[in-house]
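Engineer: Questions regarding the structure given below will be posed in turn.
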Amino acid sequence: MAGEEIKLERIENCLWEIPRQGGMRVPGRIFATEKLLAGLKEDNSLRQVMNVAHLPGIVGYSLAMPDIHWGYGFPIGGVAAMELNEGVISPGGVGYDINCGVRLVTTHLTYSTIQRKMAGLIETLFSLIPSGVGSEGAIPGLSKTEEKRLLRDGARWAVAQGYGHQQDLDHMEEGGALPNANPELLSDRALARGLKQVGTLGSGNHFLEIGRVEEIYLSDVAQALNLFPDQVVVLIHTGSRGLGYQTCEDFLKVMNQAMTKYGIQLPDRQLACTPIKSPEGQDYLAAMASAANYAWANRQVIMSQAEKGFLKVLDISPAELGFSLIYDVCHNIAKIEEHVVDGQRRRLCVHRKGATRAFPPGHPQVPKAYQGVGQPVLVPGDMGRYSYLLVGCQAAMEKSFGSTCHGAGRVMSRTQSKKESRGINIDQEMARRGVVARYQGRGTMAEEMPHAYKDVAEVVETMDLAGISKKVARFRPVGVIKG
Amino acid sequence: MTDKQKAIREIEHTADLGLEIEAADLPGLFASAGEAFYGLIADPTEIQPKEEISVSATGECWEELFHAWLCELLAQFNLKGFIGKQCRVHRVEPGRVEGRIKGEILDLKRHRFHTEIKGVTYHEFKVWHENGKWRARVIFDV
């Protein structure tokens, strides 16, 4: 689909601006190489950057990361910071999958020592970690009382139940739980959906991937993160499941109705929002925090199940396996953070929809272990090529409200990708790429084949050139499970 | 290709999945949208009409009603795993829609699963009457 012609001005080598026009309150800014930019003109994502610039209280710029692509309301890869007094909060600016995110786990193993056991390992992980699609059940099943505890405590709840270890909590954004969660604000339907899905992966682009360290770019940082060549690592990508989707849907309805009351008019209903200070805005933030906590608990349970799978198949001790969480990032979230705007320190509500926080070395919200190197950023690519570990840099605070890219970014519609996949034996194709794959639906695999995505190398390189985040290591996928 | 299939078109969207539906009347529009929606989740040829459920939804205008209807079908799938094959809508009036859906519980061992739908978005969402036909456009987050 061809997008409309939108005029762009070059600001830096990899930074482009859409000047203010019409109802835009701030300019739009897009991080992209010329090659990535050419692809953007094919869809409506630049118009979505402009639409976000209409939101009341937006400061600086409506930003887009280089993995930007056409979403609903916000573009995927969009970042928007709102000031707290006049600004708005938009559930669509967070997305249906609240706190969709990625975590990276390292092991003491090298790929060459487990290569022969990959098929059995993937089969075991597939049986231990359900997709949770339809009526398929959760691990563990919850009572309603227990679910509310989970919603308040996030990953802490999972650790207290025996999933993972206390030290894991130091390696997550917010320690794996936002403090302002209020489960009483979630609908009965959202809570009912949540009961069945803790420890489930979901479908679409969600996955658990076993990778091996293929290349190290910054050896001192890699050493600080205990990475070494050929090391086996695990990436887990999932979010808050049906509980989060339902919460977004519930609050979109609330905000669509309330916007008239606040005199807010927008070019796209999916941008529905209310003032952050309004009762609706405050309720959404507390409901969103509950769903975000659910996502952290979900990833924690899945990680623990994965550890069990490795121990069982490889028949080694936990000490020999060395399953260790490097970091857990959110890429669909709104957070209250401090940033400097026009020389003044201000508290802002930063929406990141398909964008990752990338705080620099020394930032108080970076875990103690990473104070010297900066916040780890996890950027999965498509399942056949490679994924990246980056660290945040100071320029992120100056140019992107402490944000960077989150993935490869799609270039092909799901329908088109399925057409391109016709006649391809997916198992053989993945095997040719050296990946053992186990999946629930061929349709999802056909939609998610590497040809549907930008080359994530180009995406991370853009942010490296812009000084926002630096490449630390690249991982090659060797096994994947998908819903 | 049946008349019903002809009246449903998948929208090309980079990240998500969308549908355009056309029908002679509102009950037909709601029923066709329901069947097309289920067809995005799993292969409808493998679903058997073993059970029948009643579904209703409320909304202030046709658009809100249509949106609420699809949200209700999505919730029934997510809560019970119920996937429809045949939708029959027997009442559409301002404020309320009621229908009965024949289908069964999704069984991942027997049914060809396509993808999970996260939400019914309002992005470019539209229900309108044109040239004697009812039309709707909807994009799902997947």
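The values are calculated or read from the model by the stated rules, or taken from the named source; none is laboratory data. In this text, all values refer to a predicted model and were calculated from it rather than measured experimentally. Methodologically, a virtual Cβ is constructed for each residue, glycine included, from the backbone with ideal geometry; neighbour enumeration extends over all protein chains shown. Accessible surface is based on the protein model in full, side chains and every heavy atom, while ligands, DNA and RNA are left aside. Shrake-Rupley method; radii C 1.70, N 1.55, O 1.52, S 1.80 Å.
Engineer: Please work out which one of (1) touching a residue at least 40 places away in the same chain (Cβ under 8 Å); (2) of a type in the set (D, E, K, R); (3) within 14 Å of another protein chain (Cβ to nearest Cβ) is the condition A:LYS253 fails and give its number.
Structural biologist: (1)
Engineer: Check the range A:435-442 and report whether any residue there is assigned to a helix (DSSP H, G or I) and within 21 Å of B:ILE41 (Cα to Cα).
Structural biologist: yes
Engineer: Still on this model: So how many residues does the range A:6-39 have that are under 18 Å from A:GLY71 (Cα atoms) and modelled with pLDDT under 95?
Structural biologist: Looking only at that region, the number is 5.
Engineer: Now a separate question. Scanning the range B:66-101 for residues that are farther than 24 Å from A:LEU252 by Cα and of a type in the set (Lys, Arg), which turns out most open to solvent (accessible area, probe 1.4 Å)?
Structural biologist: So the residue we want is B:ARG88.
Residues checked against (1) among the aliphatic types (A, V, I, L, M); (2) under 24 Å from A:ILE210 (Cα atoms); (3) more than 14 Å from chain B (Cβ to nearest Cβ):
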residue: A:ILE424; (1), (2), (3): yes, yes, yes
residue: A:GLU429; (1), (2), (3): no, yes, yes
residue: A:ARG433; (1), (2), (3): no, yes, yes
residue: A:TYR439; (1), (2), (3): no, yes, no
residue: A:ALA446; (1), (2), (3): yes, yes, no
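Engineer: Now a separate question. Can you name every residue in the range B:7-28 that is among the acidic types (Asp, Glu), outside any strand (DSSP E or B) and free of Cβ contacts under 8 Å to residues at least 40 places away in the same chain?
Structural biologist: Scanning the range B:7-28 gives a single hit, B:GLU12.
Engineer: Quick check on the range B:105-123: of everything there that is over 19 Å from A:SER131 (Cα atoms) and out of contact with any Gly (no Cβ under 7 Å at 6 or more places or on another chain), which residue is surrounded by the most Cβ atoms within 10 Å (Cβ to Cβ)?
Structural biologist: For the range B:105-123, the residue satisfying everything is B:THR121.
Engineer: Is the range A:461-472 home to any residue that is within 13 Å of chain B (Cβ to nearest Cβ) and not in a helix (DSSP H, G or I)?
Structural biologist: Scanning the range A:461-472, I find no residue that is within 13 Å of chain B (Cβ to nearest Cβ) and not in a helix (DSSP H, G or I), so the answer is no.
Engineer: Filter the range B:29-58 down to residues that are assigned to a helix (DSSP H, G or I) and hydroxyl-bearing (Ser, Thr, Tyr) and give me whichever is nearest to B:LYS118 (Cα to Cα).
Structural biologist: B:TYR38
Engineer: Continuing with this model, one more query. Take the residues in the range A:391-406 that are touching a Phe, Trp or Tyr at 6+ places or on another chain (Cβ under 9 Å) and not in a loop (DSSP other than H, G, I, E, B); name whichever of them is nearest to A:THR356 (Cα to Cα).
Structural biologist: A:THR404
Engineer: Take the conditions of a type in the set (Asp, Glu), in contact with a helix residue (DSSP H, G or I) (Cβ under 8 Å, 6 or more places away or on another chain) and away from chain B (no Cβ under 14 Å) and apply them to A:ASP220. Does it pass?
Structural biologist: Against the criterion (of a type in the set (Asp, Glu), in contact with a helix residue (DSSP H, G or I) (Cβ under 8 Å, 6 or more places away or on another chain) and away from chain B (no Cβ under 14 Å)), A:ASP220 does not qualify.
Engineer: If you don't mind, there's one more thing I want to ask. Any residue at all in the range A:119-128 that is farther than 30 Å from A:LYS41 by Cβ and in contact with a Ser or Thr (Cβ under 8 Å, 6 or more places away or on another chain)?
Structural biologist: There is no residue in the range A:119-128 that is farther than 30 Å from A:LYS41 by Cβ and in contact with a Ser or Thr (Cβ under 8 Å, 6 or more places away or on another chain).
Engineer: Moving on. Has the range A:475-482 got any residue that is aliphatic (A, V, I, L, M), assigned to a strand (DSSP E or B), within 14 Å of another protein chain (Cβ to nearest Cβ) and buried (at least 17 other Cβ atoms within 10 Å of the Cβ)?
Structural biologist: Yes, the range A:475-482 contains at least one residue that is aliphatic (A, V, I, L, M), assigned to a strand (DSSP E or B), within 14 Å of another protein chain (Cβ to nearest Cβ) and buried (at least 17 other Cβ atoms within 10 Å of the Cβ).
Engineer: Here are A:GLU420, A:GLU398: which of them is surrounded by fewer than 22 Cβ atoms within 10 Å (Cβ to Cβ) and out of contact with any helix residue (DSSP H, G or I) (no Cβ under 9 Å at 6 or more places or on another chain)?
Structural biologist: The conditions single out A:GLU398.
Engineer: Being within 22 Å of A:VAL456 (Cα to Cα), open to solvent by 30 Å² or more (accessible area, probe 1.4 Å), modelled with pLDDT under 95 and assigned to a loop (DSSP other than H, G, I, E, B) is the requirement here; does A:GLU42 meet it?
Structural biologist: When the stated conditions are applied, A:GLU42 passes them.
Engineer: Give the residue that is surrounded by the most Cβ atoms within 10 Å (Cβ to Cβ), with candidates limited to residues of the range A:19-39 that are touching a Ser or Thr at 6+ places or on another chain (Cβ under 8 Å) and outside any helix (DSSP H, G or I).
Structural biologist: A:PHE31
Engineer: Quick check on the range B:1-26: of everything there that is surrounded by fewer than 16 Cβ atoms within 10 Å (Cβ to Cβ) and among the aliphatic types (A, V, I, L, M), which residue is modelled with the lowest pLDDT?
Structural biologist: B:MET1
Engineer: Take the conditions of a type in the set (D, E, K, R), open to solvent by less than 40 Å² (accessible area, probe 1.4 Å) and either away from chain A (no Cβ under 13 Å) or not in a strand (DSSP E or B) (or both) and apply them to B:GLU63. Does it pass?
Structural biologist: No, not satisfied.
Engineer: Are there any strands (runs of 3 or more DSSP E) wholly within the range A:264-375 with 2 or more residues that are touching a Cys at 6+ places or on another chain (Cβ under 7 Å), touching a residue at least 60 places away in the same chain (Cβ under 8 Å) and open to solvent by 10 Å² or more (accessible area, probe 1.4 Å), and if so which?
Structural biologist: Where strands (runs of 3 or more DSSP E) fall fully within the range A:264-375 and carry at least 2 residues being touching a Cys at 6+ places or on another chain (Cβ under 7 Å), touching a residue at least 60 places away in the same chain (Cβ under 8 Å) and open to solvent by 10 Å² or more (accessible area, probe 1.4 Å), they are A:332-341.
Engineer: Sticking with this one: What about A:GLU458, is it under 28 Å from A:ALA358 (Cβ atoms), part of a helix (DSSP H, G or I) and open to solvent by 10 Å² or more (accessible area, probe 1.4 Å)?
Structural biologist: yes
Engineer: Then there is this: Could you list, ordered by first residue, the pairs with Cβ atoms under 9 Å in which the first is in the range A:460-478 and within 15 Å of A:ILE11 (Cα to Cα) and the second is open to solvent by 10 Å² or more (accessible area, probe 1.4 Å) and among the hydroxyl-bearing types (Ser, Thr, Tyr), at least 6 apart or interchain?
Structural biologist: Taking only residues 6 or more apart or on different chains, the pairs are A:THR462/A:THR33; A:LEU465/A:THR33.
Engineer: Is it the case that some residue within the range B:27-42 is more than 12 Å from the chain's Cα centre (by Cα), at the interface with another protein chain (Cβ under 9 Å from one of its Cβ atoms) and surrounded by fewer than 16 Cβ atoms within 10 Å (Cβ to Cβ)?
Structural biologist: No, that holds for no residue.
Engineer: Can you pull out every residue in the range B:124-142 that is aromatic (Phe, Trp, Tyr), within 13 Å of another protein chain (Cβ to nearest Cβ) and open to solvent by 10 Å² or more (accessible area, probe 1.4 Å)?
Structural biologist: Result: B:PHE125, single match.
Engineer: Sticking with this one: State all residues of the range A:59-77 that are within 22 Å of the chain's Cα centre (by Cα), more than 12 Å from chain B (Cβ to nearest Cβ) and either open to solvent by 10 Å² or more (accessible area, probe 1.4 Å) or under 21 Å from A:VAL456 (Cβ atoms) (or both); if no residue qualifies, say none.
Structural biologist: Those that are within 22 Å of the chain's Cα centre (by Cα), more than 12 Å from chain B (Cβ to nearest Cβ) and either open to solvent by 10 Å² or more (accessible area, probe 1.4 Å) or under 21 Å from A:VAL456 (Cβ atoms) (or both): A:TYR61, A:LEU63, A:ALA64, A:MET65, A:PRO66.
Engineer: Here's another thing I want to ask about it. Collect the residues in the range B:79-123 that are more than 25 Å from A:SER240 (Cβ to Cβ) and within 14 Å of another protein chain (Cβ to nearest Cβ), keeping them in residue-number order.
Structural biologist: Result: B:GLY84, B:GLY103, B:GLU104, B:ASP107, B:LYS109, B:ARG110, B:HIS111, B:ARG112.
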